[in-house]
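Q: To start, I am sharing the structure in question, which I have written as structure tokens.
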Amino acid sequence: MKNTVILLTNNKRKKKSFQKSIDKYNIIVETKSLWLPEIQSDDNREIAAFAAEYGSNILKKPVVKMDSGFFIEGINNFPGPLVSYVDKQVGADLFFEVLKNLKNKKASIRNSLAYCEPGQKPVIFESGCKGSIVNKITLNKGSFIDKLFVPHHPKNPNKKTMGEIRKKDYDAFLYIWGNAELQFAEWFIKRK
């Protein structure tokens, strides 16, 4: 199938947001859960690129791999691409104890999407948003970023957390994460 890509993930939420973002382009998205080595890097672009290249060469098919990062300026951009690991090991509530007295609460999120065909080098698409860390955790449920990040974005005039935005307006949530998926879709369709 000419307009089919394999999204390397077992995360249903990632598949849903990826598919919703590119629906109008008639690209068929299949998902595949595949063990992928994760390189040690503080740059989620490099992590996504390596995983996409590895996956496409193993599967012998075109693949997409996404990797997100959460960069907190006041602690040297930590956790960066380790956000999922820190969320699982420490959790947002305990991690917030480290952050609550920070003077510099500037933060940003970054979404890196890598597309790769077998034997080729990956093509990277990137988006994200600047913002800040919450002054107080108000959500009981949600991911690390959902609980801790307040995007400074026109789609968030009331300074809600990512989790509050996701619950109220999923399209705004996707828009705030940026357009890496759309950049990919437009590029993918034009090149076929």
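What follows draws every value from the coordinates through simple rules; no lab data is involved. What you are looking at is a predicted structure, and each value in this text was computed from that prediction instead of being measured. Note that each Cβ is placed from the backbone with ideal geometry, even for glycine, and that neighbours are counted across all protein chains shown.
Q: So in region 72-86, with the set limited to residues that are touching a Pro at 6+ places or on another chain (Cβ under 8 Å) and buried (at least 17 other Cβ atoms within 10 Å of the Cβ), which one is farthest from PHE149 (Cα to Cα)?
A: The selected residue is VAL86.
Q: Go through region 42-88 and report how many residues are in a helix (DSSP H, G or I) and within 13 Å of the chain's Cα centre (by Cα).
A: So the answer is 6.
Q: For residues in region 115-170 being buried (at least 17 other Cβ atoms within 10 Å of the Cβ) and among the aromatic types (Phe, Trp, Tyr), which is farthest from ASP67 (Cα to Cα)?
A: In this case the residue turns out to be PHE149.
Q: Could you identify the single residue in LYS136, LYS106 that is over 19 Å from the mean Cα position of the chain (by Cα) and charged (D, E, K, R)?
A: Sole residue among the options that is over 19 Å from the mean Cα position of the chain (by Cα) and charged (D, E, K, R): LYS136.
Q: Next question, about the same structure. Please specify each residue of region 131-153 satisfying the condition of being small (Gly, Ala, Ser) and assigned to a loop (DSSP other than H, G, I, E, B).
A: Hits for region 131-153 are GLY142, SER143.
Q: Another question about this same structure. Hey, could you check region 97-109 for residues that are in a helix (DSSP H, G or I) and out of contact with any strand residue (DSSP E or B) (no Cβ under 8 Å at 6 or more places or on another chain) and say which is surrounded by the most Cβ atoms within 10 Å (Cβ to Cβ)?
A: VAL98
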